[in-house]
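Q: So that we are looking at the same thing, I have put the structure below in structure tokens.
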Amino acid sequence: MRSFFAQITLLGLVFALPLAPAAPVPFATTQRLRVIVDNDFGGDPDGLFLLAHLLLSPSVEVRGIIASQHHSAGFYGYPGTPEHALGKAAELVRIVAPDQAKHLVLGAAVCLRDLKTPSDSAARA
């Protein structure tokens with residue numbers, strides 16, 4: 001049931017955003033904020049909503065999208081792997097902003113050992 005809800009929610013977001021009336025901008029945006037997104041993009045839709053919002057925002061320039069591990073036992077019936085997260089993020093990027101696919105990166109497949117030791121992944125390259 002959860003996966004069906006997540007799919008319907010994502011489809012609603014993608015199809016409703018272009019129909020939404022543009023809100024007046026109270027000030028002119030001269031610079032865009034540069035953002036790197038690191039999320040699990042796994043079974044729940046919150047990370048995908050965040051990514052869609054950032055990709056469609058005129059005040060944000062997404063410089064990196066890192067698909068990370070969520071939980072080794074999975075989440076809502078989905079695997080918690082970074083490969084699964086990358087697939088979900090890539091699907092959204094393909095629909096919302098295909099030109100941003102170059103920023104997709106596979107994150108680490110293990111949790112941090114401590115706050116000072118980074119994990120090896122393509123995101124460190």
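The values are calculated or read from the model by the stated rules, or taken from the named source; none is laboratory data. Please read all numbers here as calculations on a predicted model, not as lab measurements. Positions of Cβ are backbone-derived with ideal geometry, glycine not excepted, and every protein chain shown enters the neighbour counts.
Q: Just to verify a result, which residue in segment 94-120, among those that are β-branched (Val, Ile, Thr) and over 20 Å from ASP46 (Cα atoms), is modelled with the highest pLDDT?
A: Ranking the qualifying residues of segment 94-120, first place goes to THR117.
Q: So, one more: Please list, ordered by first then second residue, the pairs with beta carbon atoms under 7 Å, 6 or more apart or interchain, first in segment 64-93 and under 9 Å from PHE41 (Cα atoms) and among the hydroxyl-bearing types (Ser, Thr, Tyr), second in a loop (DSSP other than H, G, I, E, B) and modelled with pLDDT under 90.
A: Note: pairs meeting the criteria are SER68/ASP40; SER68/GLY107; SER68/ALA108.
Matching residues to (1) closer than 20 Å to CYS111 by Cβ; (2) modelled with pLDDT of 90 or more:
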| residue | (1), (2) |
| --- | --- |
| PRO45 | no, no |
| LEU50 | no, yes |
| LEU54 | no, yes |
| SER57 | no, yes |
| ARG63 | no, yes |
| GLY74 | yes, no |
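Q: Can you go through ALA90, ALA123 and tell me which one is under 30 Å from GLN31 (Cα atoms), modelled with pLDDT under 90 and part of a helix (DSSP H, G or I)? Walk me through how you get there before you give the answer.
A: Working: ALA90 fails: modelled with pLDDT under 90.
Among ALA90, ALA123, only ALA123 is under 30 Å from GLN31 (Cα atoms), modelled with pLDDT under 90 and part of a helix (DSSP H, G or I).
Q: So which residues in segment 107-120 are without any contact (Cβ under 8 Å) to a residue 40 or more places away in the chain and buried (at least 17 other Cβ atoms within 10 Å of the Cβ), if there are any at all? Step through it out loud before you land on a result.
A: We begin by selecting, within segment 107-120, every residue without any contact (Cβ under 8 Å) to a residue 40 or more places away in the chain; these are 112-120.
Correct list: empty.
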